[in-house]
Amino acid sequence: MEVDFARRALRAARLDAQLFEEVEDDPRATAQAAGVVVLAAVAAGVGSGARGFGEIVLGTVAALVSWFVWAYLAYWIGTRLWPEPATHASHAQLLRTVGFASAPGVLRVLGVIGPVRGLVFLVAGVWMLVATVIAVRQALDYKSTWRAVGVSTIGWVVQAILLVTVLWLLAGPGRST
């Protein structure tokens, strides 16, 4: 059965908890989740007024790396440090659910409307964080949304620090960007 990519992405943006359960259990959804991450990253690049194709590509690569790392951290924290009795998950399951949680990020393309760019990025960012909490809660089989908030927050902070550090090292320490 072929599953409609656009319909799944829309359900993720609508914060449909059942969608996150569905993609968690569908190994074929991994490529779709990566597609959502790529679309959201390209939308962010276009909406932010990126200076050329190279910046959009770099932003997309950074988004894919961040997605992979964040999903791994959520998996590790959620299954090793803060599991609930029913918690059973794999990194692949977190990749799928967290990837689909990027769906609201597609709206960042509306940032091309300069006067509302900041608001668009704020709303899309908060929406994506809420979707991620739901994705993590469902993938880790948590009853507690607050536990999912904790796992998501810690995972995001750690991956952000790692990403900034790697980008700083690639740019060359002491070099201003």
When every residue in segment 122-155 that is of a type in the set (Phe, Trp, Tyr) and touching a helix residue (DSSP H, G or I) at 6+ places or on another chain (Cβ under 6 Å) is compared, the one nearest to ALA63 (Cα to Cα) is TRP127
Which listed residue is surrounded by 17 or more Cβ atoms within 10 Å (Cβ to Cβ), over 23 Å from HIS91 (Cβ atoms) and modelled with pLDDT of 95 or more, from VAL36, VAL42: VAL42
Report yes if some residue within segment 73-96 is of a type in the set (A, V, I, L, M), touching a helix residue (DSSP H, G or I) at 6+ places or on another chain (Cβ under 8 Å), buried (at least 18 other Cβ atoms within 10 Å of the Cβ) and over 20 Å from THR30 (Cβ atoms); otherwise report no. yes
Please list, ordered by first then second residue, the pairs with beta carbon atoms under 7 Å, 6 or more apart or interchain, first in segment 1-23 and on the phi > 0 side of the Ramachandran plot, second modelled with pLDDT of 95 or more and among the β-branched types (Val, Ile, Thr). LEU15/VAL130; LEU15/ILE134
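Yes/no matrix, rows are residues, columns are (1) among the small types (Gly, Ala, Ser); (2) over 21 Å from VAL164 (Cβ atoms):
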position: PRO27; (1), (2): no, yes
position: VAL36; (1), (2): no, yes
position: SER48; (1), (2): yes, no
position: GLY59; (1), (2): yes, no
position: ALA86; (1), (2): yes, yes
position: HIS91; (1), (2): no, yes
position: THR97; (1), (2): no, yes
Kindly list the number of the only condition in (1) surrounded by 14 or more Cβ atoms within 10 Å (Cβ to Cβ); (2) not in a helix (DSSP H, G or I) that fails for PRO27. (1)
Of all residues in segment 135-160, how many are polar (S, T, N, Q), within 16 Å of the chain's Cα centre (by Cα) and under 21 Å from ASP16 (Cβ atoms)? 2
So if I check each of GLY111, GLY118, GLY125, which one is small (Gly, Ala, Ser), surrounded by fewer than 21 Cβ atoms within 10 Å (Cβ to Cβ), more than 13 Å from the chain's Cα centre (by Cα) and more than 18 Å from TYR142 (Cβ to Cβ)? GLY118
Breaking point among (1) in contact with a helix residue (DSSP H, G or I) (Cβ under 7 Å, 6 or more places away or on another chain); (2) more than 23 Å from VAL166 (Cβ to Cβ); (3) modelled with pLDDT under 95, for VAL3: (1)
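The values are calculated or read from the model by the stated rules, or taken from the named source; none is laboratory data. These numbers were taken from a predicted model, which means no experiment stands behind them. Positions of Cβ are backbone-derived with ideal geometry, glycine not excepted, and every protein chain shown enters the neighbour counts.
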